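A.B. asks: Quick one: the structure is below, questions incoming.
The values are calculated or read from the model by the stated rules, or taken from the named source; none is laboratory data. Keep in mind the model is a prediction, meaning the values are calculated, not measured. Neighbour counts are summed over all protein chains in view; Cβ atoms, including those assigned to glycine, are modelled from backbone coordinates with ideal geometry. When the accessible area is computed, the model is the full protein with side chains, heavy atoms only, and any ligands, DNA or RNA have been set aside. Shrake-Rupley method; radii C 1.70, N 1.55, O 1.52, S 1.80 Å.
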Amino acid sequence: MSTNAPTIPAETARHVLAHFGHGGVLPGRFGVQLITLIASADRQTTARLAEVFPAEAEAVRMAQYDEDGIAKLQAIANGRAAA
C-alpha cells in the first residue's frame, strides 16, 4: 500500500467493526466474504486486494494491527474524523 491511507467511508467502518465484534452493521454476503478474506490473507494477497478494495483493506488493517484502530473506526462510523 502507499504511504497515504485511503479514506474509509462510515459504512465500511461499520462493516469492519461488525466483523470484529465491536458493534457496527454486517454488510451483505459479498462484504462479509471480502472482509473475512482480507482479514485472513497473507501479506501478498492483502496487497493485491488493497489495489481493488483500498478502504476495506485499510479498515481491516486498522482493526487488526493499530493499537487504537477500533476507536478510530468507531469514530469514523459515527461521523467523526479519526484522530
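A.B. asks: In Å², what does the accessible area per residue of segment 17-83 work out to with a 1.4 Å probe? Show your work: numbers first, answer last.
C.D. replies: Working: 4190 Å² over 67 residues.
Here the residues of segment 17-83 average 62 Å² of exposed surface.
A.B. asks: Can you tally the net charge around Asp66? Count Lys and Arg as +1, Asp and Glu as -1, for every other residue whose Cβ sits under 12 Å from the Cβ of Asp66. Please report the intermediate quantities before stating the final value.
C.D. replies: Working: positive: Arg61, Lys72; negative: Glu58, Glu67, Asp68.
Local net charge: -1.
A.B. asks: Now a separate question. To the nearest 20 debye, what charge dipole does the chain have about its Cα centre, counting +1 at the Cβ of each Lys and Arg and -1 at the Cβ of each Asp and Glu?
C.D. replies: Magnitude of the dipole: close to 140 debye.
A.B. asks: First compute the accessible area of segment 1-61 with a 1.4 Å probe, then give the percent of it belonging to carbon and sulfur atoms.
C.D. replies: Working: 2040 of 3840 Å².
The computed percentage sits at 53.
A.B. asks: Let me ask you something else. Could you tell me whether the chain comes out rounded, prolate or oblate from its Cα gyration tensor? Rule is a ≥ b ≥ c as square roots of the eigenvalues, rounded for a/c under 1.5, then prolate if a/b exceeds b/c, otherwise oblate.
C.D. replies: Oblate, since a/c reaches 1.5 and b/c is not below a/b.
A.B. asks: Taking 8 Å as the Cα distance limit and 6 or more residues as the minimum spacing, I'd like the relative contact order of the chain as a percentage.
C.D. replies: Values: 97 pairs, mean separation 30.8, N = 83.
Taking the mean separation of contacting Cα pairs over the length of the chain, I get 37 percent.
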